[in-house]
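The values are calculated or read from the model by the stated rules, or taken from the named source; none is laboratory data. Predicted model, so just to flag it, every value in this text is computed and none were measured. Every residue, glycine among them, receives a Cβ derived from its backbone with ideal geometry; neighbour counts consider all protein chains shown. These area figures cover heavy atoms from the full protein model, side chains too; ligands, DNA and RNA do not enter into them. Shrake-Rupley method; radii C 1.70, N 1.55, O 1.52, S 1.80 Å.
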Amino acid sequence: MQALYAQLLVGLINGSFYALLSLGLAVIFGMLNIINFAHGALYMMGAFTAYFLLHLTGIGYWWALLIAPIVVGIFGMILERTMLQWLAGLDHLYGLLLTFGIALIVQGVFQNYFGSSGLPYAIPDYPQIGDCSPNAPQDAFCRRGLQGGMNLGFMFLPVYRGWVVIFSLVVCIATWFLIEKTRLGAYLRAATENPTLVRAFGINVPRMITLTYGLGVGLAALAGVLSAPINQVRPLMGADLIIVVFAVVVIGGMGSIMGSIITGFALGVIEGLTKYFYPEASNTVVFVLMVLVLLVKPTGLTGRAA
Amino acid sequence: MKHRISALLLGTALALAAGGAMAQDKTVKIGVLTDNSGLYSDLGGAGSTLAAQMAVEDSGLAAKGWKIDIVSADHQNKPDIGTTIARQWIDVEKVDIFVDVLNSGVALAVNNLVKEKNAVMINTGAATSDLTNTQCSPNTIHWVYDTYMLANSTGQALVKAGGDTWYFLTADYAFGHALERDTAAVVVKSGGKVIGTVRHPLNSSDFSSFLLQAQASKAKIVGMANAGGDTTNTIKQAAEFGIVSGGQKLAGLLLFINDVHSLGLKVAQGLNFTETFYWDLNDGTRAFSKRFSERMKNKAMPSMVQAGVYSGLIHYFKTIDAMGGNPHDGVKVVAKMKEAPTDDPLFGKGTIRADGRKLHPAYLFEVKKPAESKGPWDYYKLVGTTPGDQAFRPLSESACPLVKK
């Protein structure tokens, strides 16, 4: 029974990555109508940016959480300005093909330079709380950043993983709040419904679209930074994940913000349980669920009919 | 009429000339079938193609009038794709010899095809010991390492050091199953016990659930019967979950230098595992590795898979050169290769057994602590050496039909 609780918790941790990534996808699909297949590559770029920041400039994890999403977000905005914006109003397929091509190019370039096995990125050991000096007494309290773990009785929880869950929950809720509850979000949603009308109110719609894409991309990059200390920083880390994340978005309902957050966490848990009861199926369970959900409700769990 | 006769004569003459050339045919086509883009591409991939090129250059056959071509392709770790490429290579491109062919699933599939079409395979990448056991073939030589040897060397050493209860984390395909089976046998034979096992899909990124199960089992040793990206992520996440600091020991059953490089010594330090090649073993390995790394894009040192491609091809070239031409007959060439002892700077002196097993020493290494390492790629401490005739499965235990009993 204890092991089951542990699996639930671990599932929740993976779910927070799914939630962050699918949230970005949902934002982009909801506002731009683009199925952003480059999302995995941009997630990977976030992790690599964190790696470069640390190993080339000495900027650590905490600043990387802020800088990497901005850097990759700007890259995303350039993509949107130079390529994606010309697809507005065209069939979804064009956006999908273009972003898939971009993903292949980006991943290919990184793989060419950095190989496939990846680069190391350690869990941050700063800030240090308490007495962590080398000659501190044995029983002195010392907390090195997010390193180490806690014994919860039923499992050993690495502090870093706990941090990931809390941090992504906060980011998810903040994003949902921004889009559903603020005036800026209201403009955004209006602009996707009727851009001409919104423009008539003197609002620069193309700029808003660009910023939205930047936001979605920034969320992907943020997830990348969060995952760097857990997984090796590898060129294909996004490619492996993106298909699952797409399944999450489809199950949750394309473009639904809350749907993708909840489904992200829920699927992480279901996957975790599969790893416990029948590990061999853990890579496919998400797709089985997707088929089942689509059979019963083609718009996804929380999606609205088009 | 006159024209017809002369045409006939000309045709006959040409056919005879071609026949004469067949006996002295000095063309070879090498196929590097590998993973060029996936989780094993650093172990083989472009590095294997480079090693093949270096072998061609160092063989000196070009100066003797040989024409040697290399083709390379990505099997994407899928047996069906691997066999499709292999079939096309043999039928259309007239490839004589396959090298690398990492991934046990692909290797076993291509092994059958190579036998059916009478080509040659020098397998340097796949681990499954079945290639020289139940699935052995007169057309295949298994060059670098196999699951039996890894289990024998690492497994035995760890049980002797007190690790008598094991839990396996196994990649769910031919290779993982073979490695787990062979290691479990060694553990039991040495007086240990296997408590449990969990099988994960190939190319997983999250191992926390599996590690928690291993942790809950309280086994002294957590054996990783996986490779490449799967192993590096397992090691990294095991550190996070405090597996080692909690008193369990992590056993890398198959680990390559590229994995250690990508993990960094801070995470990898103290791991024990077995390899048959390390760049810093002696002057011969250092000289080759230096030349190799200068030509690699990311200045990487060669893995044992890549070193094996070089070593295997050097022996192959010596053999066909001694035969005076390429007979394009796999069984014949492999039989000749088995007759002569092998000798090259990378693996030293060795032999090839009747079942296709190449014999050379196996080295048990320990990963250095960051403070002990003098620079990039200075990663291993040699802990023990097993001679070639003891490292691999003895012929008396072999189920290979080629072995006369």
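Here are a few things to note about the model shown:
- Failed item in (1) within 11 Å of A:LEU23 (Cα to Cα); (2) of a type outside the set (A, V, I, L, M); (3) open to solvent by less than 10 Å² (accessible area, probe 1.4 Å), with A:SER227 passing the rest: (1)
- Residue list for segment B:131-158, filter: crowded, with 24+ Cβ neighbours inside 10 Å and in a helix (DSSP H, G or I): B:LEU131, B:THR132, B:THR147, B:TYR148, B:MET149, B:LEU150, B:ALA151, B:ASN152, B:SER153, B:THR154, B:GLY155, B:LEU158
- Pick from segment A:32-55, criterion open to solvent by 30 Å² or more (accessible area, probe 1.4 Å) and of a type outside the set (A, V, I, L, M, F, W, C), ranking: nearest to A:ILE179 (Cα to Cα): A:ASN33
- In segment B:321-334 there is no residue matching the filter, namely being of a type in the set (S, T, N, Q), over 22 Å from B:ILE68 (Cβ atoms) and touching a strand residue (DSSP E or B) at 6+ places or on another chain (Cβ under 9 Å).
- Lone unmet requirement of (1) of a type in the set (Gly, Ala, Ser); (2) closer than 27 Å to B:ARG181 by Cβ; (3) open to solvent by 50 Å² or more (accessible area, probe 1.4 Å); (4) without any contact (Cβ under 8 Å) to a residue 60 or more places away in the chain for B:ALA371: (2)
- Test for B:TYR167: is it in a loop (DSSP other than H, G, I, E, B) and in contact with a strand residue (DSSP E or B) (Cβ under 8 Å, 6 or more places away or on another chain): no
Conditions (1) open to solvent by 10 Å² or more (accessible area, probe 1.4 Å); (2) outside any helix (DSSP H, G or I); (3) of a type in the set (Val, Ile, Thr), marked per residue:
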residue: A:VAL245; (1), (2), (3): no, no, yes
residue: A:VAL249; (1), (2), (3): no, no, yes
residue: A:GLY255; (1), (2), (3): yes, yes, no
residue: A:MET258; (1), (2), (3): yes, no, no
residue: A:PHE265; (1), (2), (3): yes, no, no
residue: A:VAL269; (1), (2), (3): yes, no, yes
residue: A:GLY272; (1), (2), (3): no, no, no
residue: A:TYR276; (1), (2), (3): yes, no, no
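- Of all residues in segment B:374-392, those satisfying the criterion of being of a type outside the set (Ser, Thr, Tyr) and open to solvent by less than 30 Å² (accessible area, probe 1.4 Å) are B:GLY375, B:TRP377, B:ASP378, B:GLY384, B:GLY388, B:ALA391, B:PHE392.
- Enumeration of residues in segment A:83-123 that are crowded, with 18+ Cβ neighbours inside 10 Å and not aliphatic (A, V, I, L, M): A:GLY95, A:THR99, A:GLN107, A:PHE110, A:GLN111, A:PHE114, A:GLY115, A:SER116, A:SER117, A:GLY118, A:PRO120, A:TYR121
- For segment B:175-218, filtered to residues that are closer than 25 Å to A:TYR160 by Cα and aliphatic (A, V, I, L, M), the residue that is most open to solvent (accessible area, probe 1.4 Å) is B:ALA216.
- All positions within segment B:180-200 that are assigned to a helix (DSSP H, G or I) and either within 14 Å of chain A (Cβ to nearest Cβ) or in contact with a helix residue (DSSP H, G or I) (Cβ under 9 Å, 6 or more places away or on another chain) (or both): B:GLU180, B:ARG181, B:ASP182, B:THR183, B:ALA184, B:ALA185, B:VAL186, B:VAL187, B:LYS189
- Residue check for A:SER22: buried (at least 24 other Cβ atoms within 10 Å of the Cβ), small (Gly, Ala, Ser) and touching a Cys at 6+ places or on another chain (Cβ under 9 Å): no
- Selection count where residues are open to solvent by 10 Å² or more (accessible area, probe 1.4 Å) and assigned to a strand (DSSP E or B), scope segment B:353-362: 1
- Elements of the type strands (runs of 3 or more DSSP E) sitting completely within segment B:34-126 and holding at least 3 residues that are within 18 Å of the chain's Cα centre (by Cα) and surrounded by fewer than 24 Cβ atoms within 10 Å (Cβ to Cβ): these cover B:67-74.
- For segment A:133-149, the candidate set comprises residues that are buried (at least 16 other Cβ atoms within 10 Å of the Cβ) and more than 21 Å from the chain's Cα centre (by Cα); within that set, the residue that is nearest to the other protein chains (Cβ to nearest Cβ) is A:GLY149.
- Cβ-Cβ under 8 Å pairs, at least 6 apart or on other chains, segment B:246-271 side basic (Lys, Arg), far side open to solvent by 20 Å² or more (accessible area, probe 1.4 Å): B:LYS249/B:LYS220; B:LYS266/A:PRO120; B:LYS266/A:ALA122; B:LYS266/B:PRO370
- Among the residues of segment B:226-245, at least one is small (Gly, Ala, Ser), surrounded by fewer than 23 Cβ atoms within 10 Å (Cβ to Cβ) and outside any helix (DSSP H, G or I).
- Segment B:262-331 holds helices (runs of 4 or more DSSP H) entirely within its bounds, and those carrying 2 or more residues that are open to solvent by less than 40 Å² (accessible area, probe 1.4 Å) and at pLDDT below 95 map to B:265-268.
- Among the residues of segment B:46-66, just one is touching a residue at least 12 places away in the same chain (Cβ under 8 Å) and on the phi > 0 side of the Ramachandran plot, namely B:GLY65.
- Taken as a whole, segment B:335-343 holds no residue that is in a strand (DSSP E or B) and either in contact (Cβ under 8 Å) with a residue 40 or more places away in the chain or more than 19 Å from the chain's Cα centre (by Cα) (or both).
- Scope segment A:115-154; condition under 30 Å from B:GLY38 (Cβ atoms), in contact with a strand residue (DSSP E or B) (Cβ under 6 Å, 6 or more places away or on another chain) and either without any contact (Cβ under 8 Å) to a residue 12 or more places away in the chain or assigned to a loop (DSSP other than H, G, I, E, B) (or both); matching residues: A:GLY118, A:TYR121
- Conditions (1) among the polar types (S, T, N, Q); (2) at pLDDT below 90; (3) farther than 24 Å from A:GLY15 by Cα: number failed by A:GLN232: (3)
- One residue from A:ARG189, A:ARG161, A:ARG207, A:ARG199 being assigned to a helix (DSSP H, G or I), among the charged types (D, E, K, R) and either crowded, with 22+ Cβ neighbours inside 10 Å or on the phi > 0 side of the Ramachandran plot (or both): A:ARG161
- Within segment B:201-227, residues that are within 12 Å of another protein chain (Cβ to nearest Cβ) sit with their Cβ atoms under 8 Å from residues that are acidic (Asp, Glu) and open to solvent by 20 Å² or more (accessible area, probe 1.4 Å), at 6+ positions apart or across chains, in these pairs: B:PRO201/A:GLU280; B:PRO201/B:ASP172; B:LEU202/B:ASP172; B:ASN203/A:ASP240; B:SER205/A:ASP240.
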